[in-house]
1. Does segment 56-73 contain at least one residue that is over 17 Å from the mean Cα position of the chain (by Cα) and either at pLDDT below 85 or outside the structural domain of Val22 (by TED's automatic domain parsing) (or both)?
2. Any residue in segment 94-115 that is farther than 19 Å from Phe41 by Cα, surrounded by 11 or more Cβ atoms within 10 Å (Cβ to Cβ) and touching a Ser or Thr at 6+ places or on another chain (Cβ under 8 Å)?
3. All but one of (1) assigned by TED's automatic domain parsing to the domain that holds Ala78; (2) of a type outside the set (Gly, Ala, Ser); (3) over 27 Å from Leu75 (Cβ atoms) hold for Val92; state the number of the condition that does not hold.
4. Which pairs have Cβ atoms under 9 Å, sit 6 or more apart or on different chains, and link a residue in segment 75-91 that is outside any strand (DSSP E or B) to one that is aromatic (Phe, Trp, Tyr)?
Amino acid sequence: MRSRTSSCRTPYWGPTPPPWPVTGPAKDVRRSEDFIGPHFFSPLTNVVVPDAVLGSDKVPLLEIITGEKTSERTLAKAIDTAHQIGKTPVVVNDGRGFLTSRVISEFIDEAVAIVGEGLPPASVEQAG
């Protein structure tokens with residue numbers, strides 16, 4: 001795989017990365033500036049993400065994780081590719097955890113605060 005990635009000028013899309021930084025694996029390719037980590041979101045039902053938020057029962061997102069050396073050219077090409085395959089790109093900097101893992105605590109904290117202010121938990125759950 002190394003020789004294949006070193007001979008092309010298209011971005012190297014690693015496999016959907018585990019929830020740890022992509023900069024490490026990028027060091028294993030010759031041109032780490034061409035390395036990008038995609039995370040294709042699995043379809044989620046409206047139990048997880050309400051229809052009112054997304055307008056459908058699936059998540060059309062593609063998380064694009066940039067490494068320390070990912071070039072602007074590679075990022076632009078990845079964004080174009082996401083659009084070509086019907087996905088909405090969400091660009092995030094390299095780090096531990098996927099976007100959803102990084103932001104879920106904010107939603108949970110807000111829900112707990114609202115319940116703490118006296119709103120019934122069932123109402124918070126229904127608000128989605």
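1. Yes - at least one qualifying residue is present in segment 56-73.
2. No, that holds for no residue.
3. Checking Val92 against (1) assigned by TED's automatic domain parsing to the domain that holds Ala78; (2) of a type outside the set (Gly, Ala, Ser); (3) over 27 Å from Leu75 (Cβ atoms), the one that fails is (3).
4. The qualifying pairs are Ala78/Trp13; Thr81/Trp13; Lys87/Phe40; Lys87/Phe41.
The values are calculated or read from the model by the stated rules, or taken from the named source; none is laboratory data. Note that this is a predicted model, so its numbers are computed, not measured. Cβ coordinates were reconstructed from backbone atoms using ideal geometry, including for glycine residues, and neighbour counts include every protein chain displayed.
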